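Worksheet: one structure, shown below.
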Amino acid sequence: MSRTVQSVERAAALLRVLSAESEPMALGPLAGAVGLAKPTAHGLLRTLVVAGFVDQDPVTGRYQVGRDLLHLGSVTLDLNELRSVTLNWVDTLAARTGEEARIAAYRDGSAVVAHHVFRAGPGAQEMDTGRSLPLHATALGKVLIAFDPGAARSVVGQPLDQLAFRTITDRSQLLRALADARDTGWAAAVEEVRSDLAGIAAPVRDRGGYVVASVGIAGPVARLCDSQTQPRADLVAQVTGVARSISRALGHGRAAA
């Protein structure tokens, strides 16, 4: 007859409840959901927090699934490694679109550029490699907020600085834009970080399906958008296609050996 460890079963139950909730939970409702006394649930949650599997808000005391658990089995790529693996694809994206192309990853509250092709064609130069870009006002950053839990949490409770006339500073509007990005698989930023500048980006996934980076293009609104100031469909297709190719290069969609 098989035996189970009761504390592990209870911890697993807490994680199941938290993973099903989109908002952080208070101790009382969480304990009640799994039929545990508050002190017992608190002790288990404290251990899960130390392990990195649960995050606790220092202000409200509420709990949510931790970044470490969400990325369990996912390997965080060093930016130099990310650049090495994706360099050819980013160069290809710039060549195909005629626009500057970047790939970025979430690091410490920003989208950090791992590789940048300033412009396609002879004499193209790398300009922004290593630069930090705002998450809420760039297409690359929006993709990371939409798909990376760590990036999403980094903007909670933080002011959305207005960088240009069309920068999204209303949190409800940003949430709608992120929902659209998750539905469509790409994000755009039009005149949000700088007047007359637009960007289009898509998520890059690793073998486990986790979004580890975003790749995209940027350029004048007149070139990237149509007469309705909407991103051109052909450029969106180029960006999402390259994002899928990079994801495959990182093992996404491959059958396990």
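The values are calculated or read from the model by the stated rules, or taken from the named source; none is laboratory data. Quantities reported herein were computed from a predicted structural model and do not represent experimental measurements. So basically every Cβ, Gly included, is an ideal-geometry build from the backbone, and we count neighbours across all protein chains shown. Protein only, heavy atoms only, side chains kept; ligands, DNA and RNA dropped before computing areas. Shrake-Rupley method; radii C 1.70, N 1.55, O 1.52, S 1.80 Å.
Starting from the Cα of Arg232, step 7 Å along the direction of its Cβ; do the same at Asp170; then give the gap between the two resulting points in nm.
Taking the two extended label points, one gets 3.1 nm.
By its C-alpha gyration tensor, with a ≥ b ≥ c as the square roots of the eigenvalues, how is the chain shaped: rounded for a/c under 1.5, else prolate for a/b larger than b/c, else oblate? Please report the intermediate quantities before stating the final value.
Working: a/c = 2.65, a/b = 1.80, b/c = 1.47.
Note, shape of the chain comes out prolate.
Could you work out how much longer the chain between Val50 and Val8 gets when fully extended? Use 0.36 nm per residue separation minus the Cα distance between them, nm to one decimal. The partial results should precede the final answer.
Numbers: separation 42, 0.36 × 42 = 15.12 nm, distance 1.51 nm.
Contour length minus the Cα-Cα distance gives 13.6 nm.
With the other protein chains left in place, how much accessible area per residue, in square angstrom, belongs to the chain at a 1.4 angstrom probe?
Values: 13410 Å² over 257 residues.
That works out to 52 Å² per residue.
Using Cα pairs closer than 8 Å and at least 6 residues apart in sequence, work out the relative contact order for region 79-250, in percent. Write down the numbers at each step before the final one.
Working: 367 pairs, mean separation 36.2, N = 172.
Result for region 79-250 is 21 percent.
Testing the spin-label approximation: label points 7 Å from Cα along Cα→Cβ at Ser195 and Phe118. State their distance in nm.
Result for the modelled spin labels: 2.4 nm.
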